[in-house]
Each structure stands twice: as C-alpha cells, then as structure tokens.
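These notes concern the structure reproduced below.
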Amino acid sequence: MKILVTGGAGYIGSVMARYFLDQGDTVTVLDNLSRGYLDAVPQGAIFVQGEISDLPKYFTETNQFDAVVHMAAHSRVEESVSNPELYWHNNVIGTIKLLDGMRKLEIPKLVFASTAAVYGRAGQSPITEDTPPNPLNTYGMTKLTMDMAIASEAQAHGLSAASLRFFNVTGAYRGAGERHNPETHLIPTALKSIVEGRVIKIFGSDYPTPDGTCIRDYIHVVDLALAAKLALEKMKSSNHNIFNLGNGDGFSNLEVIDAIKNVTGKTPKVEFAPRRQGDAPSLVASSKKIRQELGWVPTKPDLEEMILDLWNFENRH
Ligand code: UDP
C-alpha cells in the first residue's frame, strides 16, 4: 500500500510509519515539525515538511496514495483547556481541510487517531464504542468533532474510514519512541524523574477509585500500528467505523509507579499534587469490537513489558 502518514515525526506517527515500512508498504510522512522531530522519521520513508491543510500543494497526482493515516494533532490535555483555540484550529480545521485535500486527490482510505478522552466521565467500565461520548476537556472535544466530520465525509463521499480510539499509549518500537517536549505523560515523566533524580507529582489522590488515584488502560504502541494495518486491509467504502483500543485492564497511577519500580529496580520519588484540570477518574476500554471484527489481538499486553520497551528506548537516547 502507498500510505501517507501525517504526524509521522511524532511518537505514534513515527511508530506507525516504521511498522508500515516493515510490512512492505511505501510510506510518505507529512509533518510540519511543530512538535515532531526530523530524526524520528524512519529511514525509508519519504519526508515532506508541511501542513495537513495544504495536501494539494505538496501532492498533485490523484491516486498517489491508497490511504492516509492521520496522526498529526495537538494532544496535551492541560494545554487544550488553557489554550482551546489552538486545538480547534489545528485539530479540527486542519482535519476538515485534510478531508478536502483527500477528496481532491481521490485518496480512498483514512485511519484516524481518535482517543479515549472523547468518553470523559463515561460512568461505565469497560467503555464500549456505544458508550455515549462526554469529553471533559477541549482535546477530547476536538477529537470527537473530527470523528464526526470523518463520519459525514464517509457517508457523503464514499471514504472508507476508521477512528481508532486509543486509550493510554506507551512503549517503543524499533528505535521509535516517546519524545515529547515538554513531557506530560505519566510513564515517561516518571522514568525521566528517576534518571534526573527529580520528584514525580501524582495529580489527585481523592478520586473515587480504590487508591484515590486515576485509573488508565495502557496499550503498547506497536499494537496500535497493528490495529491500523488491519483496519486498512479490511475497511469498506462509504463506511466509518469506530474501534476502542486498550487492553481492558485498568491500572491506577500508583500501580503504574509500582510497575515502574519493578522494571527499573529504582523507586520514583512520588509527591501528591492537586488534581489536573480535565482528567477523567477512570478510562478502561472494551476492545471486543476490534477483536471480533478485525481479528486484532494485542501482541504486548503486559504493562511491565511496555514500560521496559520505553525504558530501553529512553536509555538509548
Ligand atoms: N499524571 C500524573 N503525573 C504526571 C503525569 C500524569 O499524576 O506527571 C496522571 C494524570 O493526571 C492522569 C494519568 O497520570 O491521571 C495519565 O495521564 P497521562 O497524561 O499520562 O495520559 P492521559 O490519560 O491524560 O491521556
């Protein structure tokens, strides 16, 4: 397949690009490098620096690509609450223009990085695709809006599309791993705190969960790439499908810290801090639908194995 990966200089996008190349696909990466790293683009991919909103500016031939794998987005929950206009412009307007470009260039398939954040305070566990969305932050709202824009594009113009609702992604794959600046995610922040001898703040200890800290469902980044590949192979035209992607196991923030202790043999210095704005108390996925409909089976469901892959990646960088 000839695949255009947007955001392929970022964490998940670069893993997707590496994985597709390994499967024999031809990969072009489109990234504006506002938050990605040029050296994260895997060897073997064609790189184009540019905006998702300007597809026809960079590519002129129709049918040049079989699919777009759309991973480019701003994705920091707290920033989305304090600077919402950035998220509405970049994520939503950017995606609507990307759809315009795809229509013009006659690209028939789309896989989109949606998120568990669309469910917010779901009031149901595990969360299925039928769980009513209720985003608690602007990031989740923008992703839900993009899901809806893609659904209507598929209905009206024949696009084949899948929104993969990622729960908490971690791990690394063949030299591609998590490098955010600033880093805001729990596992890489805690690993960094060990290396740098700093304190890791745990946001909130009074949530309605057994140990008072938030609960999340972690998934290895390579299993996302596997899901995207299966979706591309099996999707039908004029159809938009939503799939949740997680392992179905919830880990509290303190349990994650314990797992990090087991993997690294070092004890992160934990300090409790007030709740972070926009955080949902618990997000655990049911991935029954993608298992049944696409035959997806996670290859690395073990949290400690995910942490070990990221730890090894970070030690190399
Ligand atoms: N978290 C934390 N300290 C940090 C980073 C994150 O306590 O330095 C918590 C965060 O408040 C949430 C959980 O870890 O309860 C997962 O947050 P993360 O940013 O990793 O992913 P999210 O679920 O927001 O996508």
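The values are calculated or read from the model by the stated rules, or taken from the named source; none is laboratory data. Treat the numbers as computed from the prediction; the structure is a model and nothing was measured. Note that each Cβ is placed from the backbone with ideal geometry, even for glycine, and that neighbours are counted across all protein chains shown. Ligands, DNA and RNA are excluded from the accessible area calculation, which covers all protein heavy atoms including side chains. Shrake-Rupley method; radii C 1.70, N 1.55, O 1.52, S 1.80 Å.
Structure values in brief
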| read-out | value |
| --- | --- |
| Scattering curve values for the chain, log₁₀ I(q)/I(0), Debye with Cα scatterers, q = 0.10, 0.14, 0.15 Å⁻¹ | -0.52, -1.07, -1.24 |
| S282 long-range amide H proximity, modeled H, under 5 Å | I215 |
| For H74, residues with placed amide H under 5 Å, excluding near neighbours | N91 |
| Sites matching GluC sites (Glu not before Pro) across the stretch 9-96 that sit in DSSP coil, with at most 16 neighbouring C-beta atoms within 10 Å | E61 |
| Projected area, mean over directions - the stretch 115-232, Cα convex hull, nm² | 9.6 |
| Förster radius 35 Å - calculated FRET efficiency between S82 and D258 (Cβ-Cβ, nearest 0.05) | 0.65 |
| Point-charge dipole on Cβ atoms (K/R +1, D/E -1) for the chain, about Cα centre, debye to 20 | 100 |
| Stokes-Einstein translational diffusion, the stretch 179-317 - Kirkwood Rh over all Cα pairs, 1.002 mPa s, 20 °C, in µm²/s | 130 |
| Three principal axis lengths of the stretch 45-134 [C-alpha, angstrom, descending] | 47, 29, 24 |
| The chain, accessible area per residue, ligands and nucleic acids excluded (1.4 Å, Å²) | 42 |
| Percent of alpha-carbon pairs separated by more than 27 Å within the stretch 1-150 | 23 |
| Mean residue ellipticity (222 nm) of the chain, computed from DSSP H runs ≥ 4 via -39,500 (n - 2.57), nearest 500 | -11000 deg cm²/dmol |
| HN-Hα J in Hz across the stretch 93-110 - Karplus 6.51, -1.76, 1.60, θ = phi - 60°, x for Gly and Pro | 5, x, 6, 5, 6, 4, 5, 4, x, 5, 4, 4, 8, 6, 8, x, 10, 9 |
| Long-range HN-HN contacts of N134 with modeled amide H, under 5 Å | Y119, G120 |
| Estimated FRET transfer efficiency (N63, H89; beta-carbon r; R0 35 Å; 0.05) | 0.70 |
| Carbon plus sulfur fraction of accessible area for the chain, probe 1.4 Å, in percent | 49 |
| Exposed-site-free run, longest, the chain (rule: trypsin sites (Lys or Arg not before Pro); DSSP loop; at most 15 other C-beta within 10 Å) | 1-120 |
| Of K104/K143; K2/K236; K109/K234; K109/K143, those spanning more than 21 Å from alpha-carbon to alpha-carbon | K104/K143 |
| Crossing angle, helix 138-157 versus the chain [Cα axis fit, 0-90 degrees, rounded to tens] | 30 |
| ³J(HN,Hα) computed for each position of the stretch 72-85 - Karplus, 6.51 cos²θ - 1.76 cosθ + 1.60, integer Hz, glycine/proline x | 6, 5, 7, 9, 9, 4, 5, 5, 5, 7, 7, 9, x, 4 |
| Span from the the stretch 153-215 Cα centroid across to the the stretch 232-263 one, whole angstrom | 10 |
